[in-house]
Amino acid sequence: MNVDRPDYRAIMMMDPPRTNTPFATAQQEFLLDRVWSRPGLSRRNRRWVTLTCVGAADAEKPIEDHVHAALSSGDIDIQEMLEFVLHFAVYNGWPKASHLEGVVRRAWAKLEIAAGRSGAIAPPDQSSLGDNDWDARLARGVKEFMDVNLIEAPQPRTPYIHAGILTFVFGHVWQRPGLSRRDRRFITVASVAVCDSPVPLKSHTGSALESGDITKPEMDEVVLQLSAYSGFAKGEALHMAAEEAWDRLHR
Amino acid sequence: MNVDRPDYRAIMMMDPPRTNTPFATAQQEFLLDRVWSRPGLSRRNRRWVTLTCVGAADAEKPIEDHVHAALSSGDIDIQEMLEFVLHFAVYNGWPKASHLEGVVRRAWAKLEIAAGRSGAIAPPDQSSLGDNDWDARLARGVKEFMDVNLIEAPQPRTPYIHAGILTFVFGHVWQRPGLSRRDRRFITVASVAVCDSPVPLKSHTGSALESGDITKPEMDEVVLQLSAYSGFAKGEALHMAAEEAWDRLHR
Amino acid sequence: MNVDRPDYRAIMMMDPPRTNTPFATAQQEFLLDRVWSRPGLSRRNRRWVTLTCVGAADAEKPIEDHVHAALSSGDIDIQEMLEFVLHFAVYNGWPKASHLEGVVRRAWAKLEIAAGRSGAIAPPDQSSLGDNDWDARLARGVKEFMDVNLIEAPQPRTPYIHAGILTFVFGHVWQRPGLSRRDRRFITVASVAVCDSPVPLKSHTGSALESGDITKPEMDEVVLQLSAYSGFAKGEALHMAAEEAWDRLHR
C-alpha cells in the first residue's frame, strides 16, 4: 500500500468494484486518492465522520461496508462501536440508530464466527458513571453541559431541557466511559452538520475548536470528509460554521 | 403495567429485544421510562410525532414496528393511518410516503388475517369535501390557509402557490374529514421539524400554539418526543422555534 | 394519452396501483394530473428533479420505479444516467449515490436483457476534460466556479476548497461532457433544495436564474415538482430562494 494513495482494500477491507462508471472511477480518484489519503486526520477519526454520514444517509450497503471496514480493520473495537451507536442515536434519532445497531451486531457476529470465536459482547462498564439519582444526574448534566459547550447550561424549565438535554444527553451519554470526549466531538460535529440545524451546527463546531479537542487543521479535514460522504451542500454549511467560529475565536 | 414506567410491550406491542448494549439499555431507560411515560401528551399524539419521525428517517424496521404498534394498540385506526400517509406525503414528500403506505397496508393485512377478518379497506368518505371545481378549491384553499396559518394567503402567482399550496395542500388535504385539524397539527409540526426548513418550522409551530390547537405544555412534550426520535439537533431547532413563538405571543 | 392528463403508465412506464387509499388517489389527481401534466418544464427536466428527490429520500421502491421509468421511456440514456449518479453524489453524498448506482445498473441490465442486447456500458469519454495535472485542474476549477456561480472563486486555503470544491467539483465534475450545464443546473438546484442548507440553496438558485440556464417559469415548475416529491416544507424554502433571487436580479 502506498500511504499517499491508499488502495480501496486498505480502507474498505474488501475488493474494489470492477466497474468503470463515472461514479466508480471518481470513488477511487477522488474519495480514496484525494480524501482518505490526506494527512491531518487519523483514519480512525475519518471513520467516525464517515460512519456518521452513512448512518444518517440510510443507504444500506454503504452502512454495512463501512461498519465492516471499521471493525475488521481494528480501527474501532466493538465496545467503541456500540457506544458510537448510542451517541449517534442522540444526534440523528433513534430510528436510524436502531438500524445501525443491527448492522453492527451482525457484522461483529460474522467477524467473530470467521475467527472461531463466540462473538459474545461484554456488557458496558458503567461503574464510572456515579449515582443514578435524578438530581445527581441533573447536577452532573449541568456541569458536563458547561464543560462541553463552554457556556452556561439552560434552566431545566421544559421537558426537552430537563429530561432530554440535561439528565440524558449531558447527564449521561457524554459521560459514558466507552468513548473519549474527543471521539464524541468528531461524531457530534459530523452529526450536526448532517442534520444542518444552524444553531447546533454553530455551537458544536465552535466549542469543538474553542476547547482544543479538535484542531483547526483537523476540522478542515472533517469538512472535506463530510462533503464527500454527505454532499457538498452540507459540507459548505459546516465549512462556513468552522470558518466563522475560527474567526470569532481569533479576532 | 406501571403507568409511570410503561414496559416495552405496552408501547411497542411486542417483546423487547434481549440485549444489553448501550443503545438497548438507553432505549428502555431513556425512551420508555423518561419519554413515553411522561404525562402531558397522549399516547396517540406521541404516536403521530413518532410515526412522522420514523417515516422521515427511512429506517425500515422502526417504521414497521411503530406502524404495527399504532394499529394493533388501537390508538390509531386504519382510516386515520391512511389519512396520515397522505398528510405525511405533503410535508415529507411522496417517496417516503409511498414506502410508508406499503408498510401500513401490509401491517393491516397481517393484523386482519390474524383476527380472521378480510382486511378490506373501505374507500374514504369524501362527501364533506364539497365541489371539486378548481375555482371552488382555490377559494376554499385561501380560507383554509388563513384558518390554519392565521395569516393572509399568498397570491396564487406561481405553480407552487396555486397548484400546490392553495388548491391541493389547503384546498384539499387539510380539509379531508379523516383526521382532525389538531391531529394534522401534530403531524405537521413534527414534519417541519424533521425537515428543518426554518420558515415552515417557525410558521407552523407558531400557528399551532396561537390557534390553541396545541398547548404549550403539549408542544414541550412534542419537542422531547421528536428529539428522541429525530435527534437532539433537530429537537433544538424545534425547541427554539416553540420558545420564540411563545414569547412572541405573550409579550 | 391525453397530454393534459397523462396517465400513470405514460410517466411511470408501468401499470398504476389498484388501490383507492387517500394516498393512491392523490397520486393520480395531484401528482399526475396537476404536477407532471403541467406545461413549462419538459418531462426530461421533471425527471432530473424527481430522480434527485427520490434518490435523496432513500425510499427503495420509488427509486427503482423512477430510474426504470426514466431509462425505459428513453427520456434519459444510460450514459446520462450514470453521469447523473456522479453529479448527485457530489451534492447528496456518496452513500445515497452508491445505492442509486446499483439501482441504475440493475435496471439497465434488465431492460437490455429484455431487449436481447448485451447491456454492456461503454466507458465514458473523458477526452474533452484536458490535462489531469492538479495545477491545471485548479486553474480550470477556478474558471468553472466563476462561470457556474457568477462570483469569484474562494482562495484554496482549506482542503474543502482546494481538494473538494476547486479541483474536484468544479475542476472536474461540472466539466464532464456527459451532461450539459443546463442538465447539471436542474440536478444541482433540486439537490441543494433537498439538503436545504440555506447558503448553497440561495447561491445555486440565484446563479441558475442569473445565468439564464433556467428561466423563471421553469424554476417555478421545479419548485412545484420538488414540493411534491420532497415535501412542501423543502418546497417552501426553494420557493422563497427563487423569489428572492428573482427580485434581486430585477429590482
Normalised per residue, the volume of the convex hull around the Cα set of the protein assembly as shown (Å³): 177
Ignoring any ligand, DNA or RNA, what whole percent of the accessible area of the protein assembly as shown comes from carbon and sulfur when the probe is 1.4 angstrom? 52
Report which residues of segment A:140-183 become buried by 30 Å² or more of accessible surface when going from the isolated chain to the complete set of protein chains (1.4 Å probe; DNA, RNA and ligands ignored). A:THR158, A:PRO159, A:TYR160, A:ALA163, A:PHE168
Shortest first and in nm, the label-point separations between A:SER42 and its counterparts in the other identical copies (7 Å out along Cα→Cβ) come to 5.2, 5.2
Buried accessible area, chains C and B (both chains, 1.4 Å probe, Å² to nearest 100): 3400
Label position 7 Å from Cα toward Cβ: report the copy-to-copy distances for A:ASP147 in nm, one decimal, ordered from shortest. 5.4, 5.4
Considering only DSSP states other than H, G, I, E and B, which trypsin sites (Lys or Arg not before Pro) in segment B:30-137 qualify as loop sites with at most 10 other Cβ atoms within 10 Å? B:ARG117
Can you show me the helix-derived [θ] at 222 nm for the protein assembly as shown, built from DSSP H runs with n ≥ 4 at -39,500 (n - 2.57) apiece and divided by the number of residues, rounded to the nearest 500. -19500 deg cm²/dmol
How high is the relative contact order of chain A, in percent, with contacts defined as C-alpha pairs under 8 Å that are six or more residues apart? 21
Per-selection metrics, segment A:124-248 (Cα): Rg and Dmax in Å: 15.2, 44
Remind me, relative contact order of segment C:63-147 in percent, using alpha carbon pairs under 8 angstrom and six or more residues apart? 27
Inter-chain shielding metric for B:239-247, i.e. average beta-carbon neighbours from other chains within 10 angstrom, reads 2
In nm to one decimal, list the spacings between the A:LYS61 label point and its equivalents in the other copies, with label points set 7 Å along Cα to Cβ, shortest first. 2.2, 2.2
Just the accessible area per residue of segment A:175-246, please: how many Å² with a 1.4 Å probe? 24
So with the 1.4 Å probe, I'd like the accessible area per residue for segment A:1-101, rounded to whole Å². 33
With +1 on the Cβ of every Lys and Arg and -1 on the Cβ of every Asp and Glu, and nothing else charged, how large is the dipole of segment C:75-213 about its Cα centre, in debye rounded to the nearest 20? 320
Any idea what the relative contact order of segment B:4-65 is, in percent, if you count C-alpha pairs under 8 Å spaced at least 6 apart? 31
For segment A:49-139, what is one quarter of the convex hull surface built on the Cα atoms, given in nm²? 7.0
Excluding ligands, DNA and RNA, what is the solvent-accessible area per residue of segment A:109-171 at a probe of 1.4 Å, expressed in Å²? 54
Just counting partner chain Cβ atoms within 10 Å, what average do the residues of peptide C:82-89 show around their Cβ? 5
Give me the extension gain from A:ASP131 to A:GLN28: residue separation times 0.36 nm, minus the current Cα-Cα distance, reported in nm with one decimal. 32.1 nm
Which residues belonging to segment A:107-135 lose at least 40 Å² of 1.4 Å-probe accessible area when the assembly is complete, relative to their chain isolated? A:TRP134
Where does chain A land on Rg(C-alpha)/(2.2 N^0.38 Å)? 1.04
Please report how many Lys pairs in chain A have alpha carbons closer than 24 angstrom, counting only residues at least 8 apart along the chain or sitting on separate chains. 10
What distance in nm lies between label points placed 7 Å from Cα along the C-beta direction at A:GLU64 and A:LYS216? 4.4
Counting only other chains, what is the mean number of Cβ atoms within 10 angstrom of the Cβ of each residue in peptide A:58-66? 5
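The values are calculated or read from the model by the stated rules, or taken from the named source; none is laboratory data. Bear in mind the structure is a predicted one, so any value in this text is a computation, not a measurement. Quick reminder, even Gly has a Cβ in these numbers, built from the backbone with ideal geometry, and neighbours come from all protein chains shown. Areas reflect the complete protein model, heavy atoms only, side chains present, ligands, DNA and RNA absent. Shrake-Rupley method; radii C 1.70, N 1.55, O 1.52, S 1.80 Å.
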